[in-house]
Amino acid sequence: MIKAAAIEVRERARLERLARWARASGQPDVHLNGKRVGILAGYGNTSYGDYFIGLGMANETRAAGFTPVIIGRDSDMRAFLSNGIEVYALPDRDHGLDEFEDVATRVHALILGGGGLFEDRVDAVASQTLAAGYAARAVYAYNRGVPMAVHGVGIEREPYALRGTERLLRNALRAARMVSVRDADSVEACKRFGVDAQQAIDPAVIYLDSVRPPASVDEGTAAFIPFARRAWPNMSNPTEADHQRQDVDWAQAADRLTGYNRVLVTPFHRTDLNYVDRIVTALKVKSPGVDVNVVDFTPENPGVVLNALARCEHVLTMRYHGFMAAHFAGVPTIEVLGESQKLRVTNALNQQGVLQDAWNAERARKQLRATLGEVDTIHTHISW
């Protein structure tokens, strides 16, 4: 009797915290009805790739008759709020499990989905702890009876240097009812965890397909989508040494964009703005008469970046989702600067002329609905 009363008090406290959290973030009262699906990833990291993925997954989840609940980073969530999506911002990495429990115990299923959560920067401790944090939350939910699936993520082929990250990722993948990843390299990577993964289209295409702009190319206009890769993860507070290392990339970009009258610098991530002055200088040294414009995006409406890219004859991108945005903007010429797994695989598909099929939005919708079908089970420990 005493134990039951204690559980009831704890559950009531969780509901009250959830309600306060919702009000503080500017969303309406949360109604705990219907089949609620938590969608967990790095959403709200002030990069438009995060918003593309999260909005694509949330909108299709809602279209399938579920209530999407975005569980993202402790950052800007206006893109989701402005679309009427319930959203919670959690501290990064392995922190915030208490807050996560408040949300996880109020969803019927959880999808760990979207983005390169487990990919690309295996040499950086910050990247590995970030990956470990998401995997830990997925396992945490699974251990509490929440049906869980992995959808549309990237998995680095090379093993992580931190064994703890490998162990958590293995546990998360094996706990999932379905594992789908976004490229053939990631399918191969899953084999080292003893997991047979399916290949699925990145769910960002679901959103991007819905905001395709009309063709409006301005002759002589190109775009550059930067990434301060040589300074990562110190992009938000670069030192002069970081700047000098990055100048190599900016000089290469300027060389490739020679001959264009106008260059639109379209930051993918807000910290890219720290490098704009150096980028502009490099472009003008190579082409003194070039007109350089910085086209920022707004977190509440991330799709507007496609309108800027649609004006371009050529896009030079250092970002995977920048490549994707340019593709859906209808840019005829896209090339890459950088050697990440995501860019390498995507560029190969583009060179083969099969990117249109690889990023087919209708297939992406069907694949996400298949994942939703796998977790469409109300787990019994929820009492509300």
Given 37 °C and 0.692 mPa s, compute D for region 210-359 with the Stokes-Einstein relation, Rh being the Kirkwood radius over Cα pairs; round to the nearest whole µm²/s.
211
Per residue of region 299-304, in order, report the coupling 6.51 cos²θ - 1.76 cosθ + 1.60 (Karplus, θ = phi - 60°) as ³J(HN,Hα) in whole Hz, putting x for Gly and Pro.
x, 7, 8, x, x, 5
Note on region 138-233: contact order normalised by length, alpha-carbon pairs under 8 Å, 6 or more apart, percent, works out to 26
Test item: Cα-centred dipole of region 210-359, Lys/Arg +1 and Asp/Glu -1 on Cβ, debye
200
So for the chain, averaging the separation of alpha carbon pairs under 8 Å that are six or more residues apart and normalising by length, what relative contact order in percent results?
17
Select from Trp359, Trp250, Trp232 the residue whose mean-square fluctuation is largest in a Gaussian network model of the chain (Cα-Cα springs shorter than 10 Å).
Trp232
Using θ = phi - 60° and Karplus 6.51 cos²θ - 1.76 cosθ + 1.60, couplings along region 147-153 (whole Hz; Gly, Pro as x):
x, 9, 9, 10, 9, x, 8
Collect residues whose amide H, placed 1.01 Å from N in the peptide plane, falls under 5 Å from the amide H of Asp291; neighbours closer than 5 in sequence don't count.
Arg262, Val263
The answer for GluC sites (Glu not before Pro) in region 257-348 that fall in a DSSP coil and have at most 16 neighbouring Cβ atoms within 10 Å is Glu300, Glu313, Glu339
For region 198-211, in order, what is each residue's ³J(HN,Hα) by Karplus, 6.51 cos²θ - 1.76 cosθ + 1.60 with θ = phi - 60°, in whole Hz (x at glycine and Pro)?
8, 9, 10, 6, 3, x, 4, 5, 4, 6, 4, 5, 7, 10
Where in region 233-258 is the amide nitrogen less than 19 Å from a point lying 7 Å along the Cα-to-Cβ axis of Glu219?
258
If amide H atoms are modeled at 1.01 Å from N in the peptide plane, then the residues at a separation of 5 or more from Cys312, or on another chain, having amide H under 5 Å from its own are Asp218
Long-range amide H partners of Asp296 with built H, under 5 Å:
none
Would you be so kind as to identify which of Ala329, Ala364, Val37 lies farthest towards the positive end of the dipole of the chain, taking Lys and Arg as +1 and Asp and Glu as -1 on Cβ and the Cα centre as origin?
Val37
Ranking Ala251, Pro233, Val315 by how far each Cα lies towards the positive end of the charge dipole of the chain (+1 on Lys and Arg Cβ, -1 on Asp and Glu Cβ), the top one is Pro233
In straight Cα distance, which lysines are under 19 Å from Lys342, not counting same-chain residues fewer than 8 positions off?
Lys191
Please tell me the relative contact order of region 231-374 in percent, rounded to the nearest whole number, where contacts are Cα pairs under 8 Å and at least six residues apart.
16
What is the magnitude of the charge dipole of the chain about its Cα centre, with +1 placed on the Cβ of each Lys and Arg, -1 on the Cβ of each Asp and Glu, and no other charges, expressed in debye to the nearest 20?
960
Evaluate the charge dipole of region 277-328 about its Cα centre and quote only its size in Debye, nearest 20, assuming +1 on the Cβ of each Lys and Arg and -1 on the Cβ of each Asp and Glu.
220
Share of pairwise Cα separations in the chain, more than 34 Å, in percent
28
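Bear in mind these aren't lab numbers, they're just calculated from the coordinates by the rules spelled out. All figures in this text were calculated on a predicted structure; none of them were measured in a lab. Using ideal geometry, Cβ is built from the backbone for each residue, glycine included, and neighbour counts are taken over all protein chains shown.
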